[in-house]
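Enquirer: Pasting a structure below so you can have a look.
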């Protein structure tokens, strides 16, 4: 190889290697100081795209878990309020049972009614004042909870309706289909051996429910008013009516006749009375036969305590109030059951979002995080190469300077 000074090839080669070593050393120092293997698109373009995509998914899932938690908080607020409503209704049961006792005087019954009114007002206040994040809890407006992983296909919207709570709507009833009027037949004549009876029209299906009001009297006496809540089976309705008739001492018996028919039978005629004395009379009948509701149907209305039959507690209305309050307790329990199911659903959604976020964070970390074992090895290697490169460049430059000796 000829000896020349125009180009120092050895120095150029050493300089190029030294530049590459310095760049690699800088990258390694960035990885060690930042803890991230990818600090720019130049480090790993494909890896950066995956990491950023996973970061968007993680951010969406983290907030989605918080969204579900907020929804759970709202539903738990509603459940806690309804728990207090149940306590108030339990007290109303005690008051109505007490007022039905004939040993109380008018002042004592009036005192019981005053507390009963306070209970109804407090239930109304709970429905009006219960809020979550300045939003009313008890309404028919759907509370939507959005859960997503940041993609269109990974989004879910949960729509939860707590329902209204007021004096005119306490609790909820199971959803039912369209109602068909249950007509009452003509009362048969009573005798010394057989009581007068009224047979209602048959239910369309054996699993239908009934609801409405019913007023029945014997021999032209005081009518016994009954309210059957929505979603009540025929068997439960018969039990409710018999409890009321037994407590009233009217002698009326409710039963289920052939073909799923409601049958009311009055007492037999007393001795030495004219036949047909104890004939039954149905003065009010709004009973309806309800078919099972379609899947996903909205829950029905609750108990209306503004109805004149139950708005005031008196000795004569106490039994009706008692059965109505009992129905309201069942309605509140049904409403709390729906809320509980929604809480469990949102809890599951929150857990899924948290688990998915955890797994994606692990995947992101495995791609992005610095491998300190490898990085420290690279650091030692590039530090040595940097020192040897500088030394080699110095040697290459000094060798070319030897040409000057030929000119001396």
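Enquirer: Going by C-beta contacts inside 10 Å, put 261, 405 in order with the fewest on the left.
Expert: In increasing order of surrounding Cβ atoms, one gets 405, 261.
Enquirer: What is the chain's relative contact order, in percent, from Cα pairs under 8 angstrom and six or more apart in sequence?
Expert: With pairs under 8 Å counted, the relative contact order is 28 percent.
Enquirer: Taking Kirkwood radius over Cα pairs in Å straight from the coordinates, which label in (i) 22.5; (ii) 28.5; (iii) 25.0 is the correct one?
Expert: (ii)
Enquirer: Tell me, what is the FRET efficiency for residue 83 and residue 136 to the nearest 0.05, using R0 = 30 angstrom and their Cβ-Cβ distance as r?
Expert: Result of the calculation: an efficiency of 0.95.
Enquirer: While we're here: Which whole-number percent gives the relative contact order of segment 191-299, counting Cα pairs below 8 Å spaced six or more residues apart?
Expert: That works out to 43 percent.
Enquirer: Based on the alpha-carbon gyration tensor of segment 80-144 and its eigenvalue square roots a ≥ b ≥ c, which shape applies: rounded if a/c is under 1.5, prolate if not and a/b is larger than b/c, or oblate?
Expert: Prolate, since a/c reaches 1.5 and a/b exceeds b/c.
Enquirer: For residue 146 and residue 106, compute 0.36 nm times the residue count separating them, minus their Cα-Cα distance, and round to one decimal in nm.
Expert: Extra length from residue 146 to residue 106 when fully extended: 8.7 nm.
Enquirer: Please arrange 90, 79 by counting, for each residue, the other beta carbons lying within 10 Å of its beta carbon, fewest first.
Expert: Result, fewest neighbours first: 90, 79.
Enquirer: Once you have the Cα-Cα distance between residue 390 and residue 283, take 0.36 nm times their residue separation minus that, and quote the gain in nm to one decimal.
Expert: 27.3 nm
Enquirer: Specify whether the C-alpha gyration tensor of segment 174-298 places it in the rounded, prolate or oblate class, a ≥ b ≥ c being the square roots of the eigenvalues: rounded for a/c under 1.5, otherwise prolate if a/b is larger than b/c and oblate if not.
Expert: Prolate.
Enquirer: Another question, then. For residue 403 and residue 34, FRET efficiency with R0 = 51 Å and r from the beta-carbon atoms, rounded to 0.05?
Expert: Here the calculated transfer efficiency is 0.60.
Enquirer: Roughly speaking, what is the centre-to-centre gap between segment 353-407 and segment 276-338 when only Cα atoms are used, to the nearest Å?
Expert: That distance is 82 Å.
Enquirer: If R₀ is 45 angstrom, what is the calculated FRET efficiency for the pair residue 76 and residue 371, using the beta carbon separation as r and rounding to 0.05?
Expert: Once rounded, the FRET efficiency stands at 0.50.
Enquirer: For the chain, modelled as a GNM with alpha-carbon contacts under 10 angstrom, which of 103, 306, 232 fluctuates the most?
Expert: Evaluated over the chain, the most mobile residue of the options is 103.
Enquirer: Between 363, 99, 211, which gets the highest mean-square fluctuation from a Gaussian network model of the chain, Cα cutoff 10 Å?
Expert: In this elastic network of the chain, the residue with the biggest mean-square fluctuation among 363, 99, 211 is 363.
Enquirer: What length, rounded to one decimal in nm, is gained on full extension from residue 333 through to residue 52, with 0.36 nm per residue of separation minus their alpha-carbon distance?
Expert: 96.4 nm
Enquirer: Moving on. Is segment 148-187 rounded, prolate or oblate when judged by the Cα gyration tensor, a ≥ b ≥ c being the square roots of its eigenvalues, rounded requiring a/c under 1.5 and prolate requiring a/b larger than b/c?
Expert: oblate
Enquirer: Rounded to the nearest 500, what is the 222 nm mean residue ellipticity of the chain from helices alone, with -39500 (n - 2.57) per DSSP H run of 4+ residues and division by all residues?
Expert: -18000 deg cm²/dmol
Enquirer: Looking at the chain as a GNM with Cα springs under 10 Å, which of 357, 215, 34 has the largest mean-square fluctuation?
Expert: 34
Enquirer: Using Cα centres only, tell me the gap between segment 102-157 and segment 35-70 in whole Å.
Expert: 42 Å
Every number here is computed from the coordinates shown, using simple stated rules; none is lab data. Quick caveat: nothing in here was measured; it's all calculated off a predicted structure. Virtual Cβ from ideal backbone geometry, glycine too; neighbours counted across all protein chains shown.
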